[in-house]
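Single-structure report; data block below.
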Amino acid sequence: MMNIIDTFGDGVCCNHGQGKYEVFMDGLLVADGDDFDAMESHFFGNCGDGPQTQKPTGEPTTNATPRPSSAPVPASFDALVGTPACNDIQSICSTAGTSLLDKKEVWGELNPPNTLDNCADGTAGSYLTDESVESVTVVATDSAGNPVEGVLSAGGFAKIKAVVYAWNNGAGSYVDFFKTSDIVSPNWVPLNSGTSPVGQGGLVDVESPAFQLSNTAAIQAVRVGIRFQGSQSPCPTGGYDENDDLVFKVDMTSASDAVMVAVAPPVTASTSSSQEAIDCPAMVEDRCLEATGCYWGRPNASNRNRVRRNENKSCHEL
């Protein structure tokens, strides 16, 4: 078996070049690939007739010091916390490729709502047309956000990477990142300001700034949310909004030596100043009624008569 691991969770293709890999055995191509998220495995060959490894004799002379595993194992659903989780200490924890966070509850998401505090998804829209969180990854980095070889560590740094679906051209879709060191009663700390729209429609790769992990908790969590307009909140209530959490373990070996860096909280702009121009005529009624700067009714009518009659109603800019 061969495992290929990418610590940043985006494979070797295609956002930063057209990379690929090939594996040959006895001159024959037995495995290849390119775009594989965090990890990909291939089975090939036959060990049945090969040389057999001899069983070690005697006992070890010293006790080995246990080390956290650095081989990333994809997240799995943990019924005790109600979210996807990685139960090994590793360099990356990811739901990519697992389908655990595909869709919202109303569209058939597995194990909804996939949040520690039962924050529920919105119920409006349709799959792969309107907003959703599709996968969440947390990866060990340095303070500048560059991936490192070590595992996720207490007091160390990390970054969140996610795949989201943004409506239309992404001008009205906003992504929020949060962290918490208490998975029982989470206090969600924002990692970005939430004032910049995704700016691109469809499936989009997004990432948080680098952030410091707590040096007091062995189990921590992150949250990724996507919302239509509105203001940043750990649990927004819009019909098109969704939040998903990911729980992971950190190495506590050097926790007492970690120097915690005081970071000013991100500044969140007011709702009115954070909104970008969006395409009102492209909205269905439900989205139009939620939108800031749009109205549902008859065009070129007075405020008094905009919604009086049912015919010719559509979404228009105020």
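Some values worked out for this structure:
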read-out	value
Residue order for K313, K161 - accessible surface, 1.4 angstrom probe, largest first	K313, K161
Potential extension, V12-E149 segment - 0.36 nm per residue separation minus Cα distance	47.6 nm
Highest to lowest packing among 169-180, 195-206, 245-256, scored as the average C-beta count within 10 Å	169-180, 245-256, 195-206
Sorted peptide list for 140-149, 83-92, criterion being average Cβ within 10 angstrom, highest first	83-92, 140-149
Greater than 18 Å apart at Cα, pairs in K104/K159; K103/K249; K159/K179	K104/K159; K103/K249
Relative contact order computed over the stretch 122-166 (Cα-Cα under 8 Å; 6+ residues apart), in percent	47 percent
Accessible carbon and sulfur surface of the stretch 143-299 relative to its total accessible area, %, 1.4 Å	52 percent
Rg/Rg_globular for the stretch 122-195, with Rg_globular taken as 2.2 N^0.38 Å and Rg from C-alpha atoms	1.33
Listed peptides 214-227, 22-35 by packing density, highest first (mean Cβ within 10 Å)	214-227, 22-35
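The values are calculated or read from the model by the stated rules, or taken from the named source; none is laboratory data. All figures in this text were calculated on a predicted structure; none of them were measured in a lab. Glycine gets a Cβ as well: all are built from the backbone with ideal geometry, and neighbour counts include every protein chain shown. These area figures cover heavy atoms from the full protein model, side chains too; ligands, DNA and RNA do not enter into them. Shrake-Rupley method; radii C 1.70, N 1.55, O 1.52, S 1.80 Å.
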